[in-house]
Each structure stands twice: as structure tokens, then as C-alpha cells.
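To keep things clear, I will list the structure first and then write my remarks on it.
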Amino acid sequence: MPASDRATSDRALDRASERRSLVRTGVVWEALRRALAAPGAYAEQRASIVDLGGGTGGFAVPLAELGHRVLVVDPSPDALAALGRRAAEHGVTDLVTGVQGDVAELPTVVGEGQVDRPADLVLCHGVLEGVEDPAAALAAVHEVLRPGGALSLLVAQRHAAVIARAMAGHFQQARTLLDTSPPPDPSTRGAMGHRFTAEELTALVETDWEVEALHGIRVFADLVPGSLLDLEPGATAALAELEQAVAERPEYLPLAAQLHLLARRR
């Protein structure tokens, strides 16, 4: 393939990826924007944010572009290297710091002065699925947030996981997930870790957190063929609008691939 054609193809793939990302994360971004715009969301010029398991910076870098300081704590050195490159490309290396670690090390990392002050916002996206004790993980997050600070918690939703595995022909996995979510097995982490229902998730945080919102994420996004978004004009915006419309309707929560909970530290 000629270099010019390859470059055109790469740009098209990038645009397609951006469209799908918009649909998959739009509801979460809108919730974060509202949280950061709320009175008293942060005391100084910028918020102090911790992105636990933030990987390559899909949330951290855009938040830094808004002027906030973000500490990414992630166990993968490769992901942190990619984070550094992305931050440099977007000109926010002074606002993004990457530290290798996991949720158990979070209080130590923050205690060593890696953030400006107790955090105003902690992102805990896709983390609870892979820990042995989700309640202990949330206790560590609670420790590094200031009173009134916000938690953005994103987890896999069990009902949708049962459907997805059944449709893929993994009937035994679907049966295993039907009534309970097994603890993560290191040999299959990411495949059969914790999955949560809305009731289980709210019960997990009810003691130490005040829940502000619960959203269903990717209610339809994973069911719509990517080719439709790529070829049908206006389809991406319409689907993103539909996802926003159903995100807080309780009857659609069981269909959502993920649940997003926004809560405040008591």
C-alpha cells in the first residue's frame, strides 16, 4: 500500500475509534464534567485527581487538558510509558504524573506527596473487577479523598455479562455468573472477575459514601455494529444521545455492560 493511502487509512481508523469511544464513554464524561463544575468541587485553581488503574491516560490526559492535575496509579509499566507519550503529545506533562502501583499502595503513594493535597476526585474505572476484596479497595480510595470529595466508580455489570457469554456460546460461564460473581482468579483475570448488579454496587458504598448518581453505560453501544457508525451519517451522535437518555432509567440498568456510580466521601 502506498504511504499516502496508508496514512489515509490510519486517519480513517482513528476517526472510527474516536466515534466508538464517544459512544462508550460519553455518559461517564458528562457525569465527570458535572461533578467538576459543582460548587466546591475543588478549593484551588485546579482539582487534584487520582486515576486509579488509569492506564494510558484515556481520562487523565483530557482532564489535564482542562487544567487539572492528575496522578495515574497503574501496575503496568508499559501503560505508564504510553501515558507519558500521550501526555507529551498533548502538552500536559506538567499536569500528569504516572506511578506504578495498585489500589493497595494508593494511600502510601498519595501520602508520599504525589498529589497536591488530599484528592478532590478519584477515578476507579475497571479496577474492582480484578481485586480480591472490593470493599477493602474502596476503603483505600476513601482514605485518599478529602471529605466531600468525589468518587467516579465504573464496574462491569453482571446481568449483561451473563447475556454476552450466553450469546458467545460460553454457557457454563454464563451459568456461573447467573446468581453470583466469582472472585477473580489470577489465571483468568479479566475474563471471570467480579461483576456487579446495581443493588450490589450501591450496597458496597452505602456506609461510607453518599451516592449522587448511578448510570447504565453501554446499554446499546455494544449491540450496534461498528460498520453502522462508520457508514451512516449522524449515527454516532444519535446513539450517544440515546445512551444519555437511558443512562439513568432503572429499567435499562440490567442491559448495561457497565455501571457508573458517582458518590461523595462522607
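The values are calculated or read from the model by the stated rules, or taken from the named source; none is laboratory data. Since the model is a prediction, treat every value here as computed from it, not as a measurement. No Cβ is skipped: glycine too gets one built from the backbone with ideal geometry, and neighbour counts run over all protein chains shown. The accessibility values were calculated without ligands, DNA or RNA, using every heavy atom of the protein model including side chains. Shrake-Rupley method; radii C 1.70, N 1.55, O 1.52, S 1.80 Å.
Brief remarks on what is shown
- In order through the stretch 55-64: 3J(HN,Hα) via Karplus (6.51 cos²θ - 1.76 cosθ + 1.60), integer Hz, x for Gly, Pro: x, 8, x, x, 9, 4, 5, x, 5, 5
- Cα shape, the stretch 72-131, gyration tensor, a/c 1.5 rule: oblate
- Structural descriptor for the chain: relative contact order 20 percent, calculated from alpha carbon pairs under 8 angstrom and at least 6 residues apart.
- Its Cα centre serving as origin, the chain has a Cβ charge dipole (Lys and Arg +1, Asp and Glu -1) of approximately 360 debye.
- Kyte-Doolittle at least 1.0, axis length at least 15 Å by Cα - qualifying DSSP helices, the chain: 134-144
- Mean accessible surface per residue for the chain, computed with a 1.4 Å probe while every protein chain stays in place, in Å²: 50
- Amide H contacts of Ser48 (H built 1.01 Å from N, under 5 Å, at least 5 apart or other chain): Asp120, Leu121
- Rg ratio for the chain: its Cα radius of gyration over 2.2 N^0.38 Å, N being its residue count, equals 1.03.
- Of the GluC sites (Glu not before Pro) in the stretch 30-125, those whose Cβ has at most 10 other Cβ within 10 Å and which sit in DSSP loop: Glu44
- Dipole axis of the chain (+1 Lys, Arg; -1 Asp, Glu on Cβ), positive-most option in Val92, Val73, Gln244: Gln244
- Estimated at 0.36 nm per residue, the fully extended path between Glu212 and Arg117 surpasses their Cα-Cα distance by 31.9 nm.
- Rg over Rh, two decimals, the stretch 203-266 (C-alpha only, Kirkwood Rh): 1.12
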